[in-house]
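Engineer: Pasting in a structure now, in structure tokens, and then I'll have a few things to ask.
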There are 2 protein chains.
Amino acid sequence: MAEPLRVALAGLGTVGAGVVRLLDANAELIARRAGRRIEIVAVSARDRARDRGIDLARFRWTDDSAALARDDGVDVVAELVGGADGPALTLARATLGAGKSLVTANKAMLAHHGLELAGLAEAQGVALKFEAAVAGGVPVVKGLREGAAANAIARVYGVLNGTCNYILSTMESTGREFADVLAEAQALGYAEADPAFDIDGVDAAHKLAILASLAFGSRPAFGDVAVDGIRHVLAADIAEAAALGHRVRLVGVAEADGPRHEPRLFQRVHAHLVPVDHPLAHVTGALNAVVVEGDFVGRLLFQGAGAGAGPTASAVVADLIDVARGEFGPPYAMPAASLAAMPPADAGERRGRAYLRFAVADRVGVLAEIAAAMRDAGVSIESLIQRGPSSDLGADGAVLIAIVTHEGPERCVAAALERLRGSPSLVGRPLWMPILG
Amino acid sequence: MAEPLRVALAGLGTVGAGVVRLLDANAELIARRAGRRIEIVAVSARDRARDRGIDLARFRWTDDSAALARDDGVDVVAELVGGADGPALTLARATLGAGKSLVTANKAMLAHHGLELAGLAEAQGVALKFEAAVAGGVPVVKGLREGAAANAIARVYGVLNGTCNYILSTMESTGREFADVLAEAQALGYAEADPAFDIDGVDAAHKLAILASLAFGSRPAFGDVAVDGIRHVLAADIAEAAALGHRVRLVGVAEADGPRHEPRLFQRVHAHLVPVDHPLAHVTGALNAVVVEGDFVGRLLFQGAGAGAGPTASAVVADLIDVARGEFGPPYAMPAASLAAMPPADAGERRGRAYLRFAVADRVGVLAEIAAAMRDAGVSIESLIQRGPSSDLGADGAVLIAIVTHEGPERCVAAALERLRGSPSLVGRPLWMPILG
């Protein structure tokens, strides 16, 4: 058997400790599958004293993670520090620059600096691997980069944030409101003390930008992702969606739009109505799922745990096994220098059905005002429901009006909402959700 | 860019023609992703004259597929002939023996000769790849071999035969009987003229044996798969299952059983009751889906089209891309010589709930006879339903008795059925289906 692969681990939080545990538990099995042993030789973290329930005395310790990149006894660095910039980026650059392979779970860093890091890895002939950065333990990076590699991809989309999905599916099963479920999720440790990255869609957008690059051979373009989260989804919206045969999910969608000779890239993270017979409707709790639509393979679904120590460690170690086997190539399948700068698509030209919800004052003429705005903007209404007054809509006596539009361009819906902006009839901002087609 | 990868295609049926079309349609994209062009240079098939709607004049033609293995202008042979033995096996041995890589969609050949062929490939340092052999376009071979490689796998199971799933889900949605739906599927080309391989579970068993090897590092042991098909499932069974909150699916299950230091391999293909909230319950039509349960990653689901020209070609070309990239290792992840000969598990020791259906003569004492057999064999009954006489049970005036057992060892259920064997009260053989836990 070949020499062991010598790994340095930067970051010993939940995932880092999970990697140590996994490599301890399955060492023999992994050596058989990888053709050589995979051994942690050095670690780095902020707090050496913290009890993580694992024996760290057998590893070289450094407080300075960048020192791992200079360590001659290290073949590959696993970066589990996190953060788009700062120590993680410094370590990543130093590791690849020193001709060592890098395995990372850091979606924010990849969404912002993936192109640079991939170029660096390719120049050095080393690996840059990031299965754990998208959908936790689900091997969807490999699924796109390799499994679906024969296909022109039309669309890649999925449930990419477990915290949001846990909140939405708990709202669905209990009828409780967002803030209530979020508070509980925080108490249980399912949501961060500062949940903004998750619930405002930023985390999902990082992952989507990575998936889009892999799918379309385009440069990571996080800045072009239209991002919205789930703060404004009411229990009433979920109930209306259910009455319409749909569930509410935060879905990230990346799609090649426009003419084939001059494609544009559409990227959006937004709460969607998903038909109950669609696989994403059955993604519950903290699960993640990604759908890949290819021109020959059709629709592929990858589903599993999107976070947590075990699943994420599984993805990190899968990458280490690929490195140990020498089975790696350009991080985004094609050379970084050849990734296209795809211009962003105009969302207004997209056609689809949509769900619109208004909380309005219960008085004469409000329905006519909304209906007129729809008509004047060219939005065709498929169904409309007005419910009696409810205290859940943010103002006493407000009533809910839920509309499903016929298929049409999004710009018309945007124009209708613009016409209604500032109307004294409205209580709070209307909620718009695309219906997944 | 490196030299093109020169491919010889043996077999120009639906899948072979699909591979030609795919490589034509996506040539540039594939070259970018693979780092080199992938070019078909030679083909072989039984009938040169047949119109396949593709231009074959540009390829060297041979009537003798084994000649492809000797062709110095060929780097890799794609074997799409089919059949466990015969020309496919001759070609596979000759190709690997000549130091060329082999890509195949041939599950029967792999289930029977996979160990020998893997050893041959490893000895020559070439690739033996077979993504298309299991679940068509779904990259589950890669998902197991690489994506889940860090995990000890507890169980791998799934819906592995699209024909059976099409029949069962059509029975479910229409209430029609098996023979009727099968005849329609044959007329539509969804089922073979001789459907035995599909409907009796043999095709699913071939695929299961391959998955089990990858999951457990064991030698392919097709002969140890307990196989049963779907011929005996009645529309009434599907209706009873639905009333119990379940759907009927033909599921292949492979599981490591027994003590960890001396594991045994359980492999079975059988119609199961699947709870409606389980992902496999939502696998409809000709879809395939595979669940992998790992000790760190938890439950992974891979789903997509299990057959058809496009999806299968997608998997074949994905393998060719891996070969072009040089990203391949031992076919079963670990060296063939190290694959363990895992002894088969004793199904009788397995514990679970089960569905039992009897068609019985409508007369005094039948129910007591069945209940006594259950009691005497130690089977605990969770629920029992007796329906009025129906003409669908194979005899005039027969009535249906459906039983769900509490969890218990399978040998008890087998003993109860043995006690009832030959009873003049029974019309036809009882149907037993495990309930997926």
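The values are calculated or read from the model by the stated rules, or taken from the named source; none is laboratory data. Treat the numbers as computed from the prediction; the structure is a model and nothing was measured. No Cβ is skipped: glycine too gets one built from the backbone with ideal geometry, and neighbour counts run over all protein chains shown.
Engineer: Do we have any residue at all in the stretch A:330-349 that's part of a strand (DSSP E or B), in contact (Cβ under 8 Å) with a residue 12 or more places away in the chain and not assigned by TED's automatic domain parsing to the domain that holds A:HIS272? Reasoning before the result, please.
Structural biologist: Narrowing the stretch A:330-349 to residues part of a strand (DSSP E or B): A:340, A:344.
This time we only want the ones that are in contact (Cβ under 8 Å) with a residue 12 or more places away in the chain, so: A:340, A:344.
Still in the running and not assigned by TED's automatic domain parsing to the domain that holds A:HIS272: A:340, A:344.
Yes, the stretch A:330-349 contains a residue that is part of a strand (DSSP E or B), in contact (Cβ under 8 Å) with a residue 12 or more places away in the chain and not assigned by TED's automatic domain parsing to the domain that holds A:HIS272.
Yes/no per residue for (1) in the same structural domain as A:SER425 (by TED's automatic domain parsing); (2) in contact with a strand residue (DSSP E or B) (Cβ under 9 Å, 6 or more places away or on another chain); (3) in a loop (DSSP other than H, G, I, E, B):
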residue: A:ASP362; (1), (2), (3): yes, yes, yes
residue: A:ALA368; (1), (2), (3): yes, no, no
residue: A:ALA371; (1), (2), (3): yes, yes, no
residue: A:ASP376; (1), (2), (3): yes, no, no
residue: A:LEU384; (1), (2), (3): yes, yes, no
residue: A:LEU400; (1), (2), (3): yes, yes, no
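Engineer: Yes or no: A:LEU89 over 15 Å from A:ARG6 (Cβ atoms) and either touching a Ser or Thr at 6+ places or on another chain (Cβ under 8 Å) or of a type outside the set (Val, Ile, Thr) (or both)?
Structural biologist: Details: over 15 Å from A:ARG6 (Cβ atoms): yes; either touching a Ser or Thr at 6+ places or on another chain (Cβ under 8 Å) or of a type outside the set (Val, Ile, Thr) (or both): yes.
Spelling it out, A:LEU89 is indeed over 15 Å from A:ARG6 (Cβ atoms) and either touching a Ser or Thr at 6+ places or on another chain (Cβ under 8 Å) or of a type outside the set (Val, Ile, Thr) (or both).
Engineer: Take the stretch B:20-49 and flag every residue that is away from chain A (no Cβ under 14 Å) and either part of a loop (DSSP other than H, G, I, E, B) or out of contact with any strand residue (DSSP E or B) (no Cβ under 8 Å at 6 or more places or on another chain) (or both).
Structural biologist: Across the stretch B:20-49, the qualifying residues are B:ALA45, B:ARG46, B:ASP47, B:ARG48, B:ALA49.
Engineer: Could you list, in sequence order, all residues of the stretch B:198-217 that are surrounded by 24 or more Cβ atoms within 10 Å (Cβ to Cβ) and not in a helix (DSSP H, G or I)?
Structural biologist: Passing the criteria: only B:GLY201.
Engineer: OK, next. Please count how many residues of the stretch B:327-339 are surrounded by fewer than 14 Cβ atoms within 10 Å (Cβ to Cβ) and more than 8 Å from chain A (Cβ to nearest Cβ).
Structural biologist: The total comes to 1.
Engineer: Identify the single condition in (1) assigned to a loop (DSSP other than H, G, I, E, B); (2) more than 14 Å from chain B (Cβ to nearest Cβ); (3) in contact (Cβ under 8 Å) with a residue 40 or more places away in the chain that A:ASP64 does not satisfy, given that it satisfies every other one.
Structural biologist: That leaves (3) as the condition not met.
Each row is one residue, and each column tells you yes or no for (1) over 28 Å from A:GLY136 (Cα atoms); (2) buried (at least 23 other Cβ atoms within 10 Å of the Cβ).
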residue: B:HIS282; (1), (2): no, no
residue: B:ASN288; (1), (2): no, yes
residue: B:ASP295; (1), (2): no, no
residue: B:GLU349; (1), (2): yes, no
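Engineer: Turning to a different aspect of this structure: Do we have A:LEU301 as without any contact (Cβ under 8 Å) to a residue 24 or more places away in the chain and either under 30 Å from A:ARG260 (Cα atoms) or hydrophobic (A, V, I, L, M, F, W, C) (or both) here? Talk me through it step by step, then tell me what you get.
Structural biologist: Working: without any contact (Cβ under 8 Å) to a residue 24 or more places away in the chain: yes; either under 30 Å from A:ARG260 (Cα atoms) or hydrophobic (A, V, I, L, M, F, W, C) (or both): yes.
Considered against the rule, which asks whether it is without any contact (Cβ under 8 Å) to a residue 24 or more places away in the chain and either under 30 Å from A:ARG260 (Cα atoms) or hydrophobic (A, V, I, L, M, F, W, C) (or both), A:LEU301 comes out as yes.
Engineer: Given the condition aromatic (Phe, Trp, Tyr) and touching a helix residue (DSSP H, G or I) at 6+ places or on another chain (Cβ under 8 Å), answer yes or no: does some residue in the stretch B:210-218 qualify?
Structural biologist: We begin by selecting, within the stretch B:210-218, every residue aromatic (Phe, Trp, Tyr); these are B:216.
Filter once more, so that each one left must be touching a helix residue (DSSP H, G or I) at 6+ places or on another chain (Cβ under 8 Å): none.
Scanning the stretch B:210-218 turns up no residue that is aromatic (Phe, Trp, Tyr) and touching a helix residue (DSSP H, G or I) at 6+ places or on another chain (Cβ under 8 Å).
Engineer: Same structure again: What are the residues in the stretch B:3-19 that are surrounded by fewer than 18 Cβ atoms within 10 Å (Cβ to Cβ), in contact (Cβ under 8 Å) with a residue 60 or more places away in the chain and not in a helix (DSSP H, G or I), if any?
Structural biologist: So in the stretch B:3-19, the residues surrounded by fewer than 18 Cβ atoms within 10 Å (Cβ to Cβ) come out as B:3-4, B:13-14.
Among the residues that remain, those that are also in contact (Cβ under 8 Å) with a residue 60 or more places away in the chain are: B:13-14.
Scanning the stretch B:3-19 gives a single hit, B:GLY13.
Engineer: Quick one: in the stretch A:296-306, which of the residues that are at the interface with another protein chain (Cβ under 7 Å from one of its Cβ atoms) and part of a loop (DSSP other than H, G, I, E, B) is farthest from A:ASN165 (Cα to Cα)?
Structural biologist: Within the stretch A:296-306, the subset at the interface with another protein chain (Cβ under 7 Å from one of its Cβ atoms) is A:296-305.
Then drop every residue that is not part of a loop (DSSP other than H, G, I, E, B), which leaves A:296-297.
Numbers: A:PHE296: 30, A:VAL297: 27 Å.
My answer is A:PHE296.
Engineer: Then there's this: Being under 17 Å from the mean Cα position of the chain (by Cα), β-branched (Val, Ile, Thr) and closer than 30 Å to A:GLY18 by Cα: is that true of B:VAL283 here?
Structural biologist: On the way: under 17 Å from the mean Cα position of the chain (by Cα): yes; β-branched (Val, Ile, Thr): yes; closer than 30 Å to A:GLY18 by Cα: no.
It is false that B:VAL283 is under 17 Å from the mean Cα position of the chain (by Cα), β-branched (Val, Ile, Thr) and closer than 30 Å to A:GLY18 by Cα.
Engineer: Does A:VAL276 qualify as being more than 9 Å from chain B (Cβ to nearest Cβ) and in contact with a Gly (Cβ under 7 Å, 6 or more places away or on another chain)? Spell out the reasoning first.
Structural biologist: On the way: more than 9 Å from chain B (Cβ to nearest Cβ): yes; in contact with a Gly (Cβ under 7 Å, 6 or more places away or on another chain): yes.
Judged against the criteria, A:VAL276 is a match.
Engineer: Ok, one more. Exactly one condition in (1) of a type in the set (A, V, I, L, M, F, W, C); (2) more than 30 Å from A:ALA8 (Cα to Cα); (3) assigned to a helix (DSSP H, G or I); (4) at pLDDT 95 or above is false for A:PHE358; which is it?
Structural biologist: (3)
Engineer: Select from the stretch B:20-55 the residues that are at pLDDT below 95 and surrounded by fewer than 18 Cβ atoms within 10 Å (Cβ to Cβ) and list them in ascending order. Quick ask: steps written out before the conclusion?
Structural biologist: Keep residues of the stretch B:20-55 that are at pLDDT below 95, which gives B:45-55.
Once the filter is applied, which keeps residues that are at pLDDT below 95 and surrounded by fewer than 18 Cβ atoms within 10 Å (Cβ to Cβ), the stretch B:20-55 yields B:ARG46, B:ASP47, B:ARG48, B:ALA49, B:ARG50, B:ASP51, B:ARG52, B:GLY53, B:ILE54, B:ASP55.
Engineer: Checking B:VAL225 against (1) on the phi > 0 side of the Ramachandran plot; (2) free of Cβ contacts under 8 Å to residues at least 60 places away in the same chain; (3) crowded, with 24+ Cβ neighbours inside 10 Å: exactly one of these is not met. Which one?
Structural biologist: (1)
Engineer: A:ALA361 passes all but one of (1) more than 10 Å from chain B (Cβ to nearest Cβ); (2) under 29 Å from A:PHE266 (Cα atoms); which number fails?
Structural biologist: So the condition that A:ALA361 fails would be (2).
Engineer: Do you know which residues across the stretch A:119-154 are within 20 Å of the chain's Cα centre (by Cα) and either more than 14 Å from chain B (Cβ to nearest Cβ) or farther than 30 Å from B:VAL19 by Cβ (or both)?
Structural biologist: Of everything in the stretch A:119-154, those that are within 20 Å of the chain's Cα centre (by Cα) and either more than 14 Å from chain B (Cβ to nearest Cβ) or farther than 30 Å from B:VAL19 by Cβ (or both) turn out to be A:LEU128, A:PHE130, A:ALA132, A:ALA133, A:GLY136, A:GLY137.
Engineer: Any residue in the stretch B:97-108 that's touching a residue at least 60 places away in the same chain (Cβ under 8 Å): show its pairings with residues that are part of a strand (DSSP E or B) and among the β-branched types (Val, Ile, Thr) at Cβ separation under 9 Å, as long as the two are six or more apart or on different chains.
Structural biologist: B:SER101/B:VAL76; B:SER101/B:VAL77; B:VAL103/B:VAL7; B:VAL103/B:VAL76; B:VAL103/B:VAL77
Engineer: Before we move on, is B:ALA118 touching a strand residue (DSSP E or B) at 6+ places or on another chain (Cβ under 8 Å), buried (at least 24 other Cβ atoms within 10 Å of the Cβ) and either hydrophobic (A, V, I, L, M, F, W, C) or assigned by TED's automatic domain parsing to the domain that holds B:PHE296 (or both)?
Structural biologist: Working: touching a strand residue (DSSP E or B) at 6+ places or on another chain (Cβ under 8 Å): yes; buried (at least 24 other Cβ atoms within 10 Å of the Cβ): yes; either hydrophobic (A, V, I, L, M, F, W, C) or assigned by TED's automatic domain parsing to the domain that holds B:PHE296 (or both): yes.
In short, yes.
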